[in-house]
1. Any residue in segment 232-252 that is in contact with a Pro (Cβ under 8 Å, 6 or more places away or on another chain), in a helix (DSSP H, G or I) and closer than 21 Å to Lys303 by Cα?
2. Across segment 282-304, which residue is surrounded by the fewest Cβ atoms within 10 Å (Cβ to Cβ) among those that are touching an Asp or Glu at 6+ places or on another chain (Cβ under 9 Å) and within 18 Å of Gly98 (Cβ to Cβ)?
3. Going through Ala132, Ala140 one at a time, which residue ends up being among the hydrophobic types (A, V, I, L, M, F, W, C), within 19 Å of Ser21 (Cα to Cα) and within 17 Å of the chain's Cα centre (by Cα)?
4. How many residues does segment 8-42 hold that are assigned to a helix (DSSP H, G or I) and modelled with pLDDT under 95?
5. Kindly check whether there is at least one residue in segment 150-171 that is modelled with pLDDT of 95 or more, in contact with a Ser or Thr (Cβ under 7 Å, 6 or more places away or on another chain), small (Gly, Ala, Ser) and buried (at least 18 other Cβ atoms within 10 Å of the Cβ).
6. Considering only residues that are among the small types (Gly, Ala, Ser), part of a helix (DSSP H, G or I) and surrounded by fewer than 16 Cβ atoms within 10 Å (Cβ to Cβ), which ones fall in segment 91-146?
Amino acid sequence: MLNKSNATSKIKQKALELGFSAVGISKADFLEEEAPRLENWLNQGMHGEMKWMENHFDMRLDPRKLMPGAKSVISFTLNYYPEKHLNNEYKVSKYAYGKDYHKLIRKKLKHLLQFIQEEIGEVQGRGFVDSAPVLDKAWAKKSGLTWIGKHSNGIVKQEGSFFFLSELILDLELDYDHPIQDHCGTCTQCVDACPTDAIFEPFKVDGSKCISYLTIELKDKIPEEFKGKMENWVFGCDICQDVCPWNRFSKPTQESSFNTLSILKEDRDFLEITEEIFNEAFLGSAIRRTKFEGFKRNVLFSKK
């Protein structure tokens, strides 16, 4: 078995070789700072219909309950910023320009775990990509990868916030990184720009008012109170990130899977799209999450 420093170095190097943008490691421990925040947020109903967020509360705050014997949480970023910012009539969040990221990242995590087991020894681990009660942003912050912006998204200095987060939890003790300083300063551009007032004050987001929630997570009709406030977003929303000064440093992703889908390049009239075309054009895309009915609902509502 390698010593901690050598094992840590090997893991980070391999992660970058696999295409991850950055790697940070923190001790698998109870998220003391997050516990009261999460409880308060849930009690105020700011998660809307995302009732699954109420489940496994203890696991969300302590990875050792999720994976017995856990000692380290390795966090990763993967840049998805597109080469070209689309300016279509109907707006789609940049993370959904290309293929869905879940399978791609799971594959990278699987390869990394196999490498660790082969090179370091008998190590147990589990990879996570939005698939379990893991507080991605909290772990990315704890590992020094990001600070949390006033829009509640992680930000990397000189890189911005357009990246996916994932984790690999191991029963292996490693060298741990440390949180970095917040560099938002007095800026409130993300707060001021939110058209639905979902970011009702710095660092506080009412998820039930967020356009991303309304167009993806909400299964019922979009409440009339948001009429005229959607700004033509039909899947997700990037407003708070687009106005963030740190995103002027964003560079195009090198991951070919995130290349923009043909149908988005064409700037199609989504009012005319059929279910057959929807299923075919968005095959392997995160946009399929809404199903055809949900997508049409979003398109129609955005036109009001």
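1. yes
2. Gly284
3. Being among the hydrophobic types (A, V, I, L, M, F, W, C), within 19 Å of Ser21 (Cα to Cα) and within 17 Å of the chain's Cα centre (by Cα) holds for just one of Ala132, Ala140, which is Ala140.
4. From segment 8-42, those assigned to a helix (DSSP H, G or I) are 8-17, 34-42; that's our starting set.
Still in the running and modelled with pLDDT under 95: 34-42.
Of the residues in segment 8-42, 9 are assigned to a helix (DSSP H, G or I) and modelled with pLDDT under 95.
5. Looking through segment 150-171, at least one residue is modelled with pLDDT of 95 or more, in contact with a Ser or Thr (Cβ under 7 Å, 6 or more places away or on another chain), small (Gly, Ala, Ser) and buried (at least 18 other Cβ atoms within 10 Å of the Cβ).
6. Selection gives nothing.
Residue-wise test of (1) touching a Lys or Arg at 6+ places or on another chain (Cβ under 6 Å); (2) in a loop (DSSP other than H, G, I, E, B); (3) modelled with pLDDT under 95; (4) among the hydroxyl-bearing types (Ser, Thr, Tyr).
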| position | (1), (2), (3), (4) |
| --- | --- |
| Lys229 | no, yes, no, no |
| Asp267 | no, yes, yes, no |
| Leu271 | no, yes, yes, no |
| Ile277 | no, no, no, no |
| Phe295 | no, no, no, no |
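Here is a yes/no grid of residues against (1) buried (at least 20 other Cβ atoms within 10 Å of the Cβ); (2) outside the structural domain of Phe128 (by TED's automatic domain parsing); (3) of a type in the set (Val, Ile, Thr); (4) in a helix (DSSP H, G or I):
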| residue | (1), (2), (3), (4) |
| --- | --- |
| Tyr176 | no, yes, no, no |
| Pro179 | no, yes, no, no |
| His183 | no, yes, no, no |
| Asp197 | no, yes, no, no |
| Phe200 | no, yes, no, no |
| Leu214 | yes, yes, no, yes |
| Lys219 | no, yes, no, no |
| Glu225 | no, yes, no, yes |
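The values are calculated or read from the model by the stated rules, or taken from the named source; none is laboratory data. Note that the structure is predicted; figures quoted are calculated from it, not measured. We place every Cβ from the backbone using ideal geometry, glycine too, and count neighbours over all the protein chains shown.
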